[in-house]
1. Please pick out the residue among C:Q269, C:Q264 that is loosely packed, with under 13 Cβ neighbours inside 10 Å and assigned by TED's automatic domain parsing to the domain that holds C:V309.
2. So how many residues does the stretch C:305-357 have that are among the hydrophobic types (A, V, I, L, M, F, W, C), part of a loop (DSSP other than H, G, I, E, B) and over 16 Å from C:A258 (Cα atoms)?
3. Could you look through the stretch B:156-201, keep only residues that are assigned to a loop (DSSP other than H, G, I, E, B) and within 15 Å of B:V77 (Cα to Cα), and pick out the one that is most open to solvent (accessible area, probe 1.4 Å)?
4. Looking at (1) part of a strand (DSSP E or B); (2) free of Cβ contacts under 8 Å to residues at least 40 places away in the same chain; (3) hydrophobic (A, V, I, L, M, F, W, C); (4) surrounded by fewer than 19 Cβ atoms within 10 Å (Cβ to Cβ), find the lone condition where C:A280 falls short.
5. Would you confirm, using the coordinates I've provided, whether B:P102 is over 21 Å from the mean Cα position of the chain (by Cα) and within 24 Å of B:Q249 (Cα to Cα)?
6. Residue by residue through the stretch C:283-294, note down the ones that are out of contact with any Pro (no Cβ under 8 Å at 6 or more places or on another chain) and either under 17 Å from C:V322 (Cβ atoms) or in contact (Cβ under 8 Å) with a residue 40 or more places away in the chain (or both).
7. A:L99 - would you say it is open to solvent by 10 Å² or more (accessible area, probe 1.4 Å), in contact with a helix residue (DSSP H, G or I) (Cβ under 9 Å, 6 or more places away or on another chain), at the interface with another protein chain (Cβ under 8 Å from one of its Cβ atoms) and of a type outside the set (V, I, T)?
8. Filter the stretch A:125-170 down to the residues that are buried (at least 20 other Cβ atoms within 10 Å of the Cβ), in a helix (DSSP H, G or I) and among the small types (G, A, S), then identify the one that is nearest to the other protein chains (Cβ to nearest Cβ).
Amino acid sequence: MSLRVYVIAYLIFLYAPIALLPVFAFNDGTIIAFPLSGFTTQWFTELTQNAALHAAVRNSLVIAACTAVFATILGLCAARAGAMSDFRGKKGITGFIMLPLVLPEIIVAVSLLVVLRQVLGLSLGNWTIIMAHVLICTPFSIAILNGAFAALDPAMEEAALDLGESRWSAFRLVTLPLVMPGIVSSMLIAFTISLDEFIIAFFLTGANPTMPVYIWGLLRFPSSLPVIMALGTILVALSILLLTIAEIFRRRGVRRAGGTDTGGFL
Amino acid sequence: MARRTSLSPDQTRSITLLGVPFAYALLLLAVPLGAIILFSFWTQDFMTVDTTFTTANYREIWDSPIYGLLLQRSLMVSGIVTAVTVVLAYPVAYFISFHVKPSRKSLWLFLITIPFWTSYLIRVFLWKVILGYNGVINSGLLELGVITEPLTFILYNVNAVIITLAHAFAPFAILPIFVVLEKIDRSLLEASQDLGESKFSTFLRITLPLSMPGVVGAVLIVFIPTIGDYVTPELMGGAGGKLIANMIQTQFLQLNNAPLGAALAVVAMLCVTAISLIFVFLNRKYLRGRS
Amino acid sequence: MTDLITLRGVQKYYGDYHALRDINLTIREGEFFSLLGPSGCGKTTLLRVIAGFEGVSGGTVMISGRDMSDVPPNKRPTNMVFQSYAIFPHLTVGQNVAFGLRTRRDIAKSQHAALVKEALHLVGLDGYENRASHAMSGGQRQRVALARALILKPKVLLLDEPLSALDKKMREHMQVELIRLQRHIGITFILVTHDQEEALVMSDRIAVMFAGEIGQLDDPETLYRRPNSRRVAEFIGKMNFLPAQVTGIDGAVTLDIAGFGVTQVPHVQVPEGAVIGPAAVGIRPETLAILFEGETASRHETTATVDEVVYYGDMTYYDVRVKDVPEPLTIAMKNLIGRPVLEVGAQTRIGWDERAIVVF
């Protein structure tokens, strides 16, 4: 019983910051502190009028969408290879691809910066962030898609081959529909990570900041803080929505492939 | 013999497929990591990079006390954050694995992961709101009459950094422990109790040792990335709470001394890797010693 | 019957593991052929080699006189029923059955519905076209798998342990149905199974495999009555082994069997190339008999002590000790009316027949 109390306290700890977001987003005061001073939707209205923010959001959406697509394609390759025959060195190679999962993000950021700027002399832009985000999102995609492929009976594709389909059409007609929920889930997760990623984006951003980079700039100006709270509220709501959809698809994928659910994104 | 080394068609396809993400990781991870090591042996004067090989950067890191101090503090903060996070997370993972109905487990994991996916910057900033001079904790305690003056030791120092990071990495610690706990054969626990152990001693003698791989995973997945975070120390740490990652960031983006920044990154990475390897090694030895 | 499938010197390596060792085999048109053996003996690998899912490391596979080396599984005249059935969960029963028709340019689209109906009728699933496939029971899924394979009218149907996922009653029912189906459509069935009873019941011929080799290939009766080696004899049914001496091989073979004495058997019961010297004889439990009061043996008898009694209802299995025989012998007796069940320790006479003896 005491364990249950502890777990509930832990959940409160986990949710405390997020719970405060809407509180201050609707608070009619420029200082983010107690006591509260009244209800307003002014900060949300201001959000709609901020052109620089809109540009940053658009930027981030483009980056996140590209990242989601490319990371999922790479993840599909790796997860499908993972479900196929073993060969010498397969574990090591997979481990190396999964490395960004534990690598400090600042290392990824500075090493890419060095290569792109100093070695290749390229100018930074959205594509440099996309490249880095694909790198760090691919391990997540692989983890999700591995789950989808592991739940898949390898005889399914063989059955399609046996019934006259070529390798590609067997993949298209049988495997792809069965892992499709995993693909959707992987894209949503990669999208969410990319949308929120700051550490790498800050190093690799070009002339146009991403949304987190823009927020980082605003954090220095106390007057803009309530607007950030309003933005944060929307982002949290959006994240929860995306994640719920991702989770539903992931579960459906496991079920459709005939497996039992073991739960979790990782 | 040729037939023994030749690959089956399935293996060939597998290699080709894995080759795509591998090539990508090689190009965008291995090559840059190599470049940064190379770069750390060069020097830079404002905009011009001198490519003569020199260990000057490493000598400077060794000689100036500031780098050693920051590195030490970083490792300490990461260490404490890791310990706090893992110790706090273990009971939660245990609870979900042992006390939650199988059909509800996914929902619980989902609950745990949601805060992790919401805007990192804003989450860190909100801790400032909670811990600040006029923050939630201070106004709450003042209101209740527990304190007469706002507490100041909870913001703009290392404590604040630790609390915030421990919060940020919570799901990273819970998930690996949970996965390992799930794999423990429940009949082992019944067998232990059947052989006369109490519930608590069963936990100590069976559950805990069997869950160590998950704990090790949790430690690594928290310890290594925390070294690379500069957002939390920047926002929460104040002057005395800056860490090595802040210095790396400063060298790259403000002081334009990329080679020194690269050398710092290399040193930080080596320290983290070394500590992680020692930890894994000691843990293996300990587990082997038990069995 | 004409030959349909010919395997010549087929070898298969997985790394250093030698999964198939020089397999030579001919399977005839229209026969029910089984690959029987313990797990890991290579029977499934052999089936997958025939289907084309596994390449060979050496040797050739011919189907209808055509070398299959470069023919991928989707171009072979074989279709398979998988152990897991591999029913596509995202398609209906009808779509599953029609799956293979998509690539068959020789069959008009307008015919598809009729063919599906016919195939479902063949397996007793009339009217199941629009059912969701994931809601089917194990037995039904197997029928769908059969219909899906048979709709393509393959020359060979490959069945990979198709009954292992079913419960005992369902399994016995499906055994009979599969035999009927095979007789009805008349194509070759190749069945992989580890269940010797299943193989005996269903097959025209059986290849018994051990460690990547074929130990014996024969019809069920020969396999049971004249196993060519101890391991075949032990794998199929139960057999008692007794030490013996071959003392003469002119005309008939003269044997001196421990505890049983001297007897003569015709050459067919002795392996080719037998020489004078020590040997082992095998004798099945049901060919031995406990002799109750007033009964006499038709050929020979000897005395024994009951060591163990296992009562099965319709049968009783006795383990008896015979002087000079190192291991107890198992005897299977029908529990006929009025026949008592002996107690452990009882002295009894047992009858045996030299015609039932196999020499190894």
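The values are calculated or read from the model by the stated rules, or taken from the named source; none is laboratory data. Keep in mind that what you see is a predicted model, and the values were worked out from it rather than measured. Cβ coordinates were reconstructed from backbone atoms using ideal geometry, including for glycine residues, and neighbour counts include every protein chain displayed. Each accessible area value is taken on the protein alone, full model and side chains, heavy atoms only, with ligands, DNA and RNA left out. Shrake-Rupley method; radii C 1.70, N 1.55, O 1.52, S 1.80 Å.
1. C:Q264
2. Result for the stretch C:305-357: 6.
3. Here the residue is B:Y156.
4. Unmet condition: (2).
5. Judged against the criteria, B:P102 is not a match.
6. C:I283, C:R284, C:P285, C:E286, C:T287, C:L288, C:A289, C:I290, C:L291
7. Against the criterion (open to solvent by 10 Å² or more (accessible area, probe 1.4 Å), in contact with a helix residue (DSSP H, G or I) (Cβ under 9 Å, 6 or more places away or on another chain), at the interface with another protein chain (Cβ under 8 Å from one of its Cβ atoms) and of a type outside the set (V, I, T)), A:L99 qualifies.
8. The selected residue is A:A159.
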